[in-house]
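The values are calculated or read from the model by the stated rules, or taken from the named source; none is laboratory data. As the structure is a computational prediction, the values presented were derived from the model and not from experiment. Counting neighbours? That spans all protein chains shown, and the Cβs are built from the backbone with ideal geometry, glycine included. For the accessible areas, the whole protein counts, side chains as well, though only heavy atoms, and no ligand, DNA or RNA atoms are used. Shrake-Rupley method; radii C 1.70, N 1.55, O 1.52, S 1.80 Å.
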Amino acid sequence: LTDVHGEVVTKLLESEGALDMGGEIREVSLIMSDLRGFTAIIAEMDPEQVVTFLNRYLSKMIEILLDNRAVIDEILGDGILAFFGAPEPMEDHPARAVACALSMQAAMDEINAENEADGLPRLAMGIGVNTGSVVVGNIGSERRTKYSVVGSDVNFASRMEAFALAGQVLISAATYSRVRDLVEVDNVLEAEMKGLPGRATLYDVRGIGAPYHIRLPDKSEKLV
């Protein structure tokens, strides 16, 4: 398993002034994922069982993210925010983010097989992927800081993820424009998002071609 966070630390230590408080504007691709109905699922579970249940899911997601050279910004409960393209430039960050998201979604079958073997409920996840310019840098205070991203495109990724149904990977128009020749799109959605003018176009991606070659199974029923 590649320790990408170790690589981030090394890169920052090699750059003069990189550990100072402050940031820079960078184009990155963001992944936002969340489980559907998780709070209701765990309502009747013992605390120890909840932690085991959640950690099985998070361990697999983190493994996939790190293998794809993502920087994991935040894990909040069952939600994950990660990004590609900083601190080290990554020319293919839109395609890499989409491929990573598809790999995460594909791994849910393995996670659920283990859950069912242990008599635990199935889990379902939605994912949003967005590409845009953000402020990236060391955010916090001298006592506690982290390498993180902020900006309207982070907020947009969060709103996108909320529209994703169980099993979906939704990508923004900005991401789609960079990967259109690689991806297989099942559906195109128009969504109104709080605080944003007009309607946003979102693409329901089911697969990506070379060099990634990842494809989700066909849906058993049409999403509404």
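Screening N130 against (1) surrounded by fewer than 21 Cβ atoms within 10 Å (Cβ to Cβ); (2) at pLDDT 95 or above leaves a single unmet condition, (1). Identification of strands (runs of 3 or more DSSP E) wholly contained in segment 158-224 with 1 or more residues that are open to solvent by 70 Å² or more (accessible area, probe 1.4 Å) and without any contact (Cβ under 8 Å) to a residue 40 or more places away in the chain yields 183-192, 199-208.
Collect the residues in segment 72-115 that are within 13 Å of the chain's Cα centre (by Cα) and either among the charged types (D, E, K, R) or open to solvent by 20 Å² or more (accessible area, probe 1.4 Å) (or both), keeping them in residue-number order. Answer for segment 72-115, where residues must be within 13 Å of the chain's Cα centre (by Cα) and either among the charged types (D, E, K, R) or open to solvent by 20 Å² or more (accessible area, probe 1.4 Å) (or both): I72, D73, E74, I75, L76, D78, R96, S103. Take the conditions (1) under 19 Å from G23 (Cα atoms); (2) without any contact (Cβ under 8 Å) to a residue 60 or more places away in the chain; G77 misses just one of them, which is (1). With the requirement that a residue be in contact with a Phe, Trp or Tyr (Cβ under 7 Å, 6 or more places away or on another chain), of a type in the set (D, E) and part of a strand (DSSP E or B), what does segment 29-86 give you? Selection gives D73 alone.
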